[in-house]
Amino acid sequence: PWLCLYLQVQLCVQQSLTAQQDESSLLELSLGKFRNVLLNQTSPVEAVIRNIASNVTVVIFQVHAQHSDVVISFDKVRVLLLLVTGDLTGCSETLLLPAGPEPSVFLCSASKSCLQVHNCSYLLCVLDPIPGGCNLEFDLEVDPNIYLDYTLVDIHIKFAPANLGYTRGANPPLCDSGTGQSSRWRLHYDVYQYFLPENDLSEMVLMSHIRKMSGVQSVKANGIKMLTLTADDKTSVYFSSLPGQGVIYNVIVWDPLWNTSAAYIPVHTYACSFSDLVDNCSSLSKLSTKVFFTAFAVLGLFICFFGHRFWKTDLFFMGFIVAAFVFFVFITRVTGLSYDVRLILTAVAGIIGGLLLVVSWWRFGSVLLSMFVIGLVLGFLFSSMLFFTPLGDYRVFRDDVVFWVTFTCVALMIPVLFVGCPRILNILASGIVGSYTVILAIACYVYTSLSYITLDLLRRVLNNYFSRAYTNVPFQKNDFIILSVWAMLALGGVTVQLRRERSEVPFPPHPYLTWKRERERRSTNVLDPSHHIPPLRERIHNKLLHIKELFQKDQPAGERTPLLL
């Protein structure tokens, strides 16, 4: 049976070769220039490169599609065999061709629908290092690809080490010949990052920017250099994940002896799925998240302008933040509940925490304790903003102990600095923290990098290995607009509160002592009308009787018994 199946497959391939001999188009490529090609699953396209110089060792042929697979092969028979058997999974998008008179490859789409791809070819000369020339992990013998995996937390890129350059027709240098300066161990790898425009998931935009990250000079001119790896380092790097934001990565291998460089093949990701029906790239925020942060932003906007005047509401707001953050971290760490359930429980815990802080103020009336909690919230936001800058990507902060000690010291510095002027501290905290909740609500509907000020901190608390990720984020037009909104809200809220409260007492009197004095005054002063107010138990009993009367039938009016004379 297997022999019959093999003969049938071969027969189909031969028939396809005969029937599609005229249909297969010949595509002539220009070196270093991108070209759009329309591919389908039934007819492969042959791409040929002409006029290769004699000093060229290899040709890197690359094809890019937004979210589909492309089949590339040197052999047309193999491509047709894959089409007949349907085995089109795990297809490569890059091939490294040995330089010859007219090297050619065959392309076809791995999906049933037509696919528009962009392809380009680059030459590597005698002294240029060969990207992926010392591959021991991936499928291709020489693999210049960058492999990418992503989660909601981080992005992991890895690539094969490069080899030294060699002349055409000669054997490549051995990868394990030694570790001296005459071997591949002298090579350095520069990792570059490039952000696509925010809120734009179109294929045309992606392909126009892929060109900027292909080739050594284009990558250096447009990309952001994140780090440099030596041969002693692992060819593996982690970045923080930005769902919905397109980002392109590339690596340039540099030979310091000959001062020559070569670029790997750029790889892109949006850290989300285009095919999922729920939580795809077009709708990242859940409904529960939008409801939670929208309601939170309404309260925060009120606190921004009226926080100090409505002191108990301000305390409830700050207590809600502390309790909700701590509880969400705890329940995520110890349970496997769904996100929606955790968010509901977090809201309940935040309400309880806010009420507890209000009750503690009513009973003890400690301004110092209340301002410590409020100052700690502002300090944590300020410390998160500090590590949101490029300072957070310094290698010394990869150590969790160093990071958390530094972070806590910066956060505690805020309440310590303002210990002599608690009213100023409260107005600053309510204005800045309250206005930032508006930014979090905006992030549920429109992508903004400002939400990662606190989100990166939450990720580091929840994930043990997030410290290895670089947390660089884009800062583009939308972010400047939203940052201006945040600054205007914070400045406006602080200014309004300072002008309104300058002639008022700094803080309300002790609530419990005030209530106690009023109770004693009412019990001794018979001229006070409140002295004659019935006790609480009697008032509750009267209220219950009044409610009970509402459910009783009205008695009918008129005479019901005979009149006795």
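The values are calculated or read from the model by the stated rules, or taken from the named source; none is laboratory data. These figures come from a predicted structure and were not determined experimentally. Cβ placement follows ideal geometry from the backbone for every residue including glycine, while neighbour counts extend to all protein chains displayed. Calculation scope for accessible area: heavy atoms of the full protein, side chains included, ligands and nucleic acids excluded. Shrake-Rupley method; radii C 1.70, N 1.55, O 1.52, S 1.80 Å.
Summary of values
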{"read-out": "Test: residue in region 269-284 that is part of a strand (DSSP E or B) and more than 30 Å from Arg186 (Cβ to Cβ)", "value": "yes"}
{"read-out": "Cβ pairs under 7 Å, 6+ apart, first in region 170-182 and in contact (Cβ under 8 Å) with a residue 24 or more places away in the chain, second of a type in the set (Gly, Ala, Ser) and part of a loop (DSSP other than H, G, I, E, B)", "value": "Pro172/Gly133"}
{"read-out": "Matching option when the condition is open to solvent by 20 Å² or more (accessible area, probe 1.4 Å) and touching a helix residue (DSSP H, G or I) at 6+ places or on another chain (Cβ under 7 Å), among Thr389, Thr332, Thr346", "value": "Thr332"}
{"read-out": "Test: Pro144 is farther than 30 Å from Leu284 by Cα, in a loop (DSSP other than H, G, I, E, B) and touching a Lys or Arg at 6+ places or on another chain (Cβ under 8 Å)", "value": "no"}
{"read-out": "Of the criteria (1) assigned to a helix (DSSP H, G or I); (2) modelled with pLDDT of 90 or more; (3) in contact with a Leu (Cβ under 8 Å, 6 or more places away or on another chain), which one Val205 fails", "value": "(2)"}
{"read-out": "Per-region count, region 510-550, residues among the charged types (D, E, K, R), at pLDDT 75 or above and open to solvent by 80 Å² or more (accessible area, probe 1.4 Å)", "value": "7"}
{"read-out": "Region 156-174, residues that are open to solvent by less than 30 Å² (accessible area, probe 1.4 Å) and closer than 9 Å to Thr57 by Cβ", "value": "Gly165"}
{"read-out": "Contacts under 6 angstrom Cβ, first residue in region 390-407 being in contact (Cβ under 8 Å) with a residue 60 or more places away in the chain, partner in a helix (DSSP H, G or I) and surrounded by fewer than 11 Cβ atoms within 10 Å (Cβ to Cβ), 6 or more apart", "value": "none"}
{"read-out": "Residue among Lys220, Lys234, Lys225 that is farther than 30 Å from Asp479 by Cβ and modelled with pLDDT of 90 or more", "value": "Lys234"}
{"read-out": "Pairs where the first residue, in region 445-458, is under 24 Å from Ala411 (Cα atoms) and the second is among the small types (Gly, Ala, Ser), C-beta under 7 Å, 6+ apart", "value": "Ser451/Ala443; Ile453/Ser384; Thr454/Ser384; Asp456/Ser240; Leu457/Ser384"}
{"read-out": "Lone unmet requirement of (1) in a helix (DSSP H, G or I); (2) of a type in the set (D, E, K, R); (3) under 20 Å from the mean Cα position of the chain (by Cα) for Arg211", "value": "(3)"}
{"read-out": "Test: residue in region 307-316 that is in contact with a helix residue (DSSP H, G or I) (Cβ under 6 Å, 6 or more places away or on another chain), part of a loop (DSSP other than H, G, I, E, B) and among the small types (Gly, Ala, Ser)", "value": "yes"}
{"read-out": "Unique residue being closer than 18 Å to Val438 by Cβ, touching a residue at least 60 places away in the same chain (Cβ under 8 Å) and in a helix (DSSP H, G or I) when the list is Thr294, Thr332", "value": "Thr294"}
{"read-out": "Test set (1) loosely packed, with under 14 Cβ neighbours inside 10 Å; (2) over 22 Å from Val126 (Cβ atoms) - Glu141 fails condition number", "value": "(2)"}
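Conditions tested, residue by residue: (1) in contact with a Pro (Cβ under 8 Å, 6 or more places away or on another chain); (2) open to solvent by 50 Å² or more (accessible area, probe 1.4 Å); (3) of a type in the set (Lys, Arg).
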{"site": "Cys272", "(1), (2), (3)": "yes, no, no"}
{"site": "Ala295", "(1), (2), (3)": "no, yes, no"}
{"site": "Val298", "(1), (2), (3)": "no, yes, no"}
{"site": "Leu301", "(1), (2), (3)": "no, yes, no"}
{"site": "Cys304", "(1), (2), (3)": "no, no, no"}
{"site": "Arg309", "(1), (2), (3)": "no, yes, yes"}
